[in-house]
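Here is the structure we will look at, set down as C-alpha cells.
The values are calculated or read from the model by the stated rules, or taken from the named source; none is laboratory data. Here the structure is a predicted model, which means the values were calculated and not measured. Positions of Cβ are backbone-derived with ideal geometry, glycine not excepted, and every protein chain shown enters the neighbour counts.
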Amino acid sequence: MGIEIQPKINKENDTAPVAPLILGLQPSALVDHVARVDWSLLSRIPGEAGGSFPVAYEELKFILDEVNNYNISSPENTSLLKTIAGGSVANTIRGLASGFGVTCGIIGACGDDDQGSLFVDNMSFHKVDLSRLRLKSGHTGQCVCLVDELGNRTMRPCLSSAVKVQANDLTAADLKGSKWLVMRYAVFNLEVIQAAIKIAKQEGLSVSLDLASFEMVRKFKVPLLQLLESGSIDVCFANEDEAAELLRDQDNADPESALEFLAKHCQWAVVTLGPKGCIAKHGKEVVRVPAIGESKLVDATGAGDLFACGFLYGLVKGLSLEECCRIGSCSGGSVIRSLGGEVTPENWQWMYKQMQTKGLPVPDFGL
C-alpha cells in the first residue's frame, strides 16, 4: 500500500476539507523532461521520430544524456531541458485548478525519489489537492518529450519500474463528494480504471475518458470497445488519428463517423481535428468549432489535455456544447504557445483575452 500523503485538515473547526469538484486518475505520477531539438539529435534516439512508445530505464538515461550533451541555440529557449510534472491527466487537472479556478485533486502514486518530490511540489504550487496521492517506496515515472522545430513531439515514457496505485488501493472515500472523474485510456491500467469507474458510478460521479493515442487504440481496441459499450463513460475525447483507428475496419472511418459511434455510448463525444478545430455531439446536437487561429505553435504537447480542460470547465459551468468547444479551443491554444504541457501565466492571460473577445465567460475562480 505504501505511505499515503495525508489530507490537510482545517484545524480551525476540525473538519475535513470539501471534496474537489473534479478528480483525475493517473495511477503513476509522471515527470516530463521536455527539450527543443533538431533532426541531428532525433536521428540518434532509438525508434522512429514522432509518436510515443515506452522505454526501459537504461534507454531513458541514454536519451537524457544525449539531450544534456546536445548544444542547441534558440532565442526562445534559455534552458536546454525543462522538467515538470506531466502526464495527460495531470496536465488537465493542473490546468483546471490553475487556469480556471476549479477545485481539483489527483488519485495515483508517486515514488519517494527526487522526481516524486518534483511532481508533488509542482502540483501543490498549482493548488491541486494531493490527499489522494499515495507516496510509495520506489521510482516515479518519467518521460522524455523531444520537440522539433515544427512543434511535433517524440515521446519516450519510462513506466515499467514506476510505482502506481493499484485497483485494490481505491476506496469510496477517494471519490466521495466529487462530481467528475477524469481518466486516460491505457490497457496496462485497465484494472484500476475499471475499479475507479465502478466506485465513481456508485458515488454518482460522471466519467471523462481520453483515448490516449492511436497506438493504444490500434493495439488494444477490444477492451476499449468493451469499456465504451458499458455505458459508463459520460464524455469521450478522441483526436483525429484515434478516431480513424477506432473505425479502421469499417467503410467509413472519417471523424464524423467516429463521432457518431462515440455518441451512441457517451453523453458527450468530441473529436479534435488539430488546426481544423473540433466536432462534438450531445444528444441530437452536433457542432463544429474552428481552432484559435491566433495561437502560434511552439510545442503541441498537452494540446488535447488542455482542450479537455476547457471543455470540462464549460460543462461544470452548465454552458452549451458550442461554448464548451470554444473554451476548449482557447485553452488548447494556450498551451501550444510554449514548451511543455504546463500553461505559463502569460499564456493564461492570452487565453482570458481570447475568451473575452469571443464573449465566453472568463473564470471567476469560485468553483
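So here's what we get for this one:
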read-out	value
From the options SER230, SER160, SER137, SER206, residue that is over 30 Å from LEU297 (Cα atoms), of a type in the set (Ser, Thr, Tyr) and in contact with a Gly (Cβ under 7 Å, 6 or more places away or on another chain)	SER137
Per-region count, the stretch 205-239, residues farther than 19 Å from CYS324 by Cβ and not aromatic (Phe, Trp, Tyr)	19
Flag for VAL271 being surrounded by 20 or more Cβ atoms within 10 Å (Cβ to Cβ), in a strand (DSSP E or B) and in contact with a strand residue (DSSP E or B) (Cβ under 8 Å, 6 or more places away or on another chain)	yes
Number of the exception - ALA300 against (1) buried (at least 24 other Cβ atoms within 10 Å of the Cβ); (2) at pLDDT below 95; (3) not polar (S, T, N, Q)	(1)
Filter pass, ALA253 being of a type in the set (A, V, I, L, M, F, W, C) and surrounded by fewer than 19 Cβ atoms within 10 Å (Cβ to Cβ)	yes
Top-ranked residue of the stretch 152-189 - restricted to ones that are hydrophobic (A, V, I, L, M, F, W, C), closer than 27 Å to GLU58 by Cα and at pLDDT 95 or above, ranked as surrounded by the fewest Cβ atoms within 10 Å (Cβ to Cβ)	VAL163
Which numbered condition VAL144 misses (of (1) part of a loop (DSSP other than H, G, I, E, B); (2) in contact with a Lys or Arg (Cβ under 8 Å, 6 or more places away or on another chain))	(1)
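Rundown of residues vs (1) assigned to a loop (DSSP other than H, G, I, E, B); (2) over 17 Å from the mean Cα position of the chain (by Cα); (3) at pLDDT 95 or above, yes/no style:
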| position | (1), (2), (3) |
| --- | --- |
| LEU306 | no, no, yes |
| GLY310 | no, no, yes |
| TYR313 | no, no, yes |
| GLY318 | yes, yes, yes |
| CYS325 | no, no, yes |
| GLY328 | no, no, yes |
| GLY340 | yes, no, no |
| TYR352 | no, yes, yes |
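Residues are listed down the side, and each one gets a yes or a no for (1) crowded, with 24+ Cβ neighbours inside 10 Å; (2) of a type in the set (Asp, Glu); (3) within 25 Å of MET183 (Cβ to Cβ):
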site: VAL287; (1), (2), (3): no, no, yes
site: CYS330; (1), (2), (3): yes, no, yes
site: MET351; (1), (2), (3): yes, no, yes
site: THR357; (1), (2), (3): no, no, no
